[in-house]
1. Does Cys171 qualify as being part of a helix (DSSP H, G or I) and over 23 Å from Ala81 (Cα atoms)?
2. Please identify the pairs in which a residue from segment 90-110 that is assigned to a helix (DSSP H, G or I) and modelled with pLDDT of 95 or more has its Cβ atom under 8 Å from the Cβ atom of a residue that is basic (Lys, Arg) and open to solvent by 50 Å² or more (accessible area, probe 1.4 Å), counting only partners at least 6 apart or on another chain.
3. Do any residues in segment 56-84 that are hydrophobic (A, V, I, L, M, F, W, C) have Cβ atoms under 8 Å from those of residues that are outside any helix (DSSP H, G or I) and open to solvent by 40 Å² or more (accessible area, probe 1.4 Å), where the two are at least six apart or on different chains, and which pairs are they?
4. Residue under question is Thr47, and the condition is that it be under 30 Å from Trp118 (Cα atoms), touching a Pro at 6+ places or on another chain (Cβ under 7 Å) and modelled with pLDDT of 65 or more; does it hold?
5. Among the residues of segment 186-201, write down those that are assigned to a strand (DSSP E or B) and surrounded by 14 or more Cβ atoms within 10 Å (Cβ to Cβ).
6. Among the listed residues Gly200, Gly146, Gly129, Gly191, identify the single one that is at positive phi and touching a helix residue (DSSP H, G or I) at 6+ places or on another chain (Cβ under 6 Å).
7. Of Tyr154, Tyr90, which residue is touching a strand residue (DSSP E or B) at 6+ places or on another chain (Cβ under 6 Å) and hydroxyl-bearing (Ser, Thr, Tyr)?
8. Restricting the search to segment 92-150, which residues are hydroxyl-bearing (Ser, Thr, Tyr) and either open to solvent by less than 40 Å² (accessible area, probe 1.4 Å) or in contact with a His (Cβ under 7 Å, 6 or more places away or on another chain) (or both)?
Amino acid sequence: GSGTSSSGGSSATGLLVVLGLAGAGVAGLIGYTRHRSKKQKAIATATVRKTLDEDITAFGEALDKLDVDLSDPRLGDDGRAELGAALDKYDESKRAAAAMTSPQDAANVTAPLDEGRWRVACVEARLAGQPLPERRPPCFFDPRHGLSVRDVSYTPMGTAQARDVPACPACAAAIDDGLDPEIRMVPAAAGGRQPYWQAGPQ
């Protein structure tokens, strides 16, 4: 009787040790997987933030290029309000880029940039004595080009289907002439640089 009890106790202890080791192994694997996923997310976020910083810099340069006097009568109260809104959106985009914790946060940066580009286009139109532009999305080929003016038919490389995309004046003219427009290239997930729409999910 005592032998059987001892044997059973040893078996139970051995089973607990095996289960404990297995549990530790699973916990370690989960921890490693989470660490690796967190690291990959951080790398992807940093890559996207760097690309967005380039967009923010380009928008800042567009603001500097305006070089407008706030007392200019061509602006009027509405023009001054638009210029102020553009500056606010510039600051908002910088804060949003600094606060990014995932690639999905990029929308918090691109939305104020889009708004700011439209405000700048309105100020430029007032200074040139032209009608205010229609509120349109940024140029598909490179958002840094600013507001699009019309849609053009375009077939992206590697696809067979043409689609209508918004284009700025320069890119629209290039398409009309049968030329390739200036496309935004970004770091690709597989290495090198690719057009942003085929550079990877980030």
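The values are calculated or read from the model by the stated rules, or taken from the named source; none is laboratory data. Values in this document were obtained by computation on a predicted structure and should not be read as measured data. Positions of Cβ are backbone-derived with ideal geometry, glycine not excepted, and every protein chain shown enters the neighbour counts. Please note that ligands, DNA and RNA were not included when accessible areas were found on the heavy atoms of the full protein model with its side chains. Shrake-Rupley method; radii C 1.70, N 1.55, O 1.52, S 1.80 Å.
1. Answer is yes for this residue.
2. Ala97/Arg49
3. Leu83/Leu70
4. Judged against the criteria, Thr47 is a match.
5. Val186, Pro187, Gln194, Pro195
6. Only one candidate qualifies: Gly146.
7. Every option except Tyr154 fails the conditions.
8. Ser93, Ser102, Ser148
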